[in-house]
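Here is the structure we will look at, set down as structure tokens.
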Amino acid sequence: MNEDIHFTTLITRDYHCFAKSWADSVRRVYPDSQVSICIADRASAAVKKALDPHTVIELPRIAETKLGIENYGRMAFQYTPFELTCALKPFVMRYLLSESEKTIYMDADTQLFGRLDNVEEYLQSSNVVLTPHLSRPSDIDSEHRIRNAGTINGGFIAVRNNLTSEAFLQWWSDRCKYDCYVDAWSGRFVDQTWLDLVPSLFDGVEVSRDKSLNVAYWNIKNRHIERTDKGYFVDGKPLRFFHFSGFNLSTPLSLSKFSDGNISPAVKRLLAAYTQSLLKNFNPTLDETVCEYRRYSNGESVDPIHREAIRSRHPEFIGIKNPFDLTSNPNLPGRFEKVREELVLGRKEWQIEELQAAANRQNQWIKRKIDGRFNKRAVRAFQNAIRFFRKNAA
């Protein structure tokens with residue numbers, strides 16, 4: 001196999017240790033391939049040093065010239081940091097594919113354990129290689145959750161340089177420019193739910209059911225993981241890559257915040273090794289590093305509903321070039337608040353949250369009324385008792 005693959009991942013700067021661990025794992029398996037870490041916000045010299053020796057691409061610097069994004073500030077504002085990294089994925093892949101024969105995107109919380117020989121073979125004849133969340137029937141509740149999040153996992157996409165892949169990435173970019181957000185009640189989950197359409201819209205799309213690829217909490221119950229002196233195996237096949245989706249360093253014994261605690265000894269060893277890798281690459285001097293797009297220029301957090309005013313292209317805010325900048329737009333948060341109720345209607349998730357909040361307020365009001373009535377009854381009962389004792393004492 002030749003080494004004409006460009007591996008890439010996409011993060012905000014606060015995920016530097018995840019990206020470094022991912023890139024290190026790719027380099028061990030593919031020492032001669034291109035490996036790049038794309039950062040959605042600006043990276044300080046310290047962050048870049050923490051990611052040495054891997055190539056770092058700061059997307060704000062190339063957004064207009066290489067990615068075709070005219071107003072990066074508005075796009076960064078309209079999405080949460082998580083949504084933004086998902087939305088930028090097709091733009092980045094399109095740019096990198098223009099300079100390489102094959103491009104493979106992997107989420108930063110993945111680890112490569114072996115060569116992707118089967119994926120490389122697919123790319124000899126296929127244009128796009130994807131992996132499903134489920135490769136066999138599950139229980140109905142799990143299948144409902146998967147349908148809402150997308151049947152294809154967006155944490156791994158492989159493409160080869162041709163007109164079909166270019167058309168796919170252009171189509172995906174167009175959808176993610178404004179419609180890459182989380183609203184599970186509406187069946188929308190960032191860039192991922194768009195991928196459900198890809199096998200039927202484009203030729204040469206391979207949805208691989210190879211169990212050694214993209215092993216994660218959502219499919220691990222159907223895959224037997226074991227550790228031998230030759231490495232990790234999945235149902236008897238060498239593990240290619242593991243996806244630690246939902247992993248949190250503060251709870252290293254848990255596979256994911258979305259899974260139960262029932263994990264095998266082999267997976268526990270995987271978690272221990274992954275934890276050590278992240279701790280090794282975690283730079284304590286960067287402990288306060290956060291994504292710059294979480295806050296306005298005055299340091300206040302950006303309300304997700306404020307972001308919706310820009311994403312939905314509300315006519316009141318079309319002329320705002322950089323919504324983060326409160327020096328030029330000091331009254332902007334207040335203006336967003338004036339249309340808050342209108343913006344809430346844009347997502348079912350927010351509507352449900354608002355209804356729940358209203359119900360909670362109503363319940364509190366009812367409780368206060370009941371407590372008030374109880375207190376009045378108690379006072380009357382106490383007064384009657386006093387009158388009774390006074391009368392009988394006389």
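The values are calculated or read from the model by the stated rules, or taken from the named source; none is laboratory data. No experiment lies behind these values; they were computed from the predicted model shown. When we count neighbours, we look across all protein chains shown, and the Cβ atoms used for this are built from the backbone with ideal geometry, even at glycine.
Filter the range 165-183 for residues that are exposed (fewer than 15 other Cβ atoms within 10 Å of the Cβ) and over 16 Å from V92 (Cα atoms) and give the result.
D179
Which members of the range 31-61 meet the condition of being in a helix (DSSP H, G or I), under 22 Å from the mean Cα position of the chain (by Cα) and at pLDDT 95 or above?
Of everything in the range 31-61, those that are in a helix (DSSP H, G or I), under 22 Å from the mean Cα position of the chain (by Cα) and at pLDDT 95 or above turn out to be L59, P60.
Inside the range 332-365, can you point out the residues that are free of Cβ contacts under 8 Å to residues at least 12 places away in the same chain and among the aliphatic types (A, V, I, L, M)?
L345, L355, A357, A358, A359
Which residues, counting only those in the range 193-207, are among the polar types (S, T, N, Q) and surrounded by fewer than 20 Cβ atoms within 10 Å (Cβ to Cβ)?
S200
For the range 296-351, please list each of the helices (runs of 4 or more DSSP H) lying entirely inside it that holds at least 1 residues being surrounded by fewer than 14 Cβ atoms within 10 Å (Cβ to Cβ) and out of contact with any Asp or Glu (no Cβ under 8 Å at 6 or more places or on another chain).
Counting at least 1 such residues, we get 332-338, 340-344.
Taking the condition closer than 15 Å to P132 by Cβ, touching a strand residue (DSSP E or B) at 6+ places or on another chain (Cβ under 6 Å) and polar (S, T, N, Q), does S208 pass?
Spelling it out, S208 is indeed closer than 15 Å to P132 by Cβ, touching a strand residue (DSSP E or B) at 6+ places or on another chain (Cβ under 6 Å) and polar (S, T, N, Q).
In the range 147-157, what residues are buried (at least 17 other Cβ atoms within 10 Å of the Cβ) and either touching a residue at least 60 places away in the same chain (Cβ under 8 Å) or under 21 Å from G346 (Cα atoms) (or both)?
The answer is A149, G150, N153, G154, G155, F156, I157.
Assuming L278 fulfils every condition listed in (1) touching a residue at least 24 places away in the same chain (Cβ under 8 Å); (2) of a type outside the set (D, E); (3) in the same structural domain as R115 (by TED's automatic domain parsing); (4) not in a helix (DSSP H, G or I) apart from one, which condition is it?
Unmet condition: (4).
Within the range 282-295, which residues are in a helix (DSSP H, G or I) and modelled with pLDDT under 95?
P284, T285, L286, E292
Residues of the range 62-82 being more than 25 Å from K280 (Cα to Cα) and not in a loop (DSSP other than H, G, I, E, B), which ones?
Of everything in the range 62-82, those that are more than 25 Å from K280 (Cα to Cα) and not in a loop (DSSP other than H, G, I, E, B) turn out to be I62, Y72, G73, R74, M75, A76, F77, Q78.
Taking the range 26-56 as the region of interest, how many residues are surrounded by fewer than 21 Cβ atoms within 10 Å (Cβ to Cβ) and out of contact with any helix residue (DSSP H, G or I) (no Cβ under 8 Å at 6 or more places or on another chain)?
Adding up the residues that qualify gives 13.
Scan the range 72-89 and tell me whether some residue there is in contact with a Gly (Cβ under 8 Å, 6 or more places away or on another chain), assigned by TED's automatic domain parsing to the domain that holds S25 and buried (at least 20 other Cβ atoms within 10 Å of the Cβ).
The answer is yes, given that some residue of the range 72-89 is in contact with a Gly (Cβ under 8 Å, 6 or more places away or on another chain), assigned by TED's automatic domain parsing to the domain that holds S25 and buried (at least 20 other Cβ atoms within 10 Å of the Cβ).
Whether any residue in the range 190-213 is assigned to a strand (DSSP E or B) and farther than 24 Å from S126 by Cβ is what I want to check.
No, the range 190-213 has no match at all.
Just one of E83, E143, E120, E99 is of a type in the set (D, E, K, R) and in contact with a Phe, Trp or Tyr (Cβ under 7 Å, 6 or more places away or on another chain); which is it?
E83
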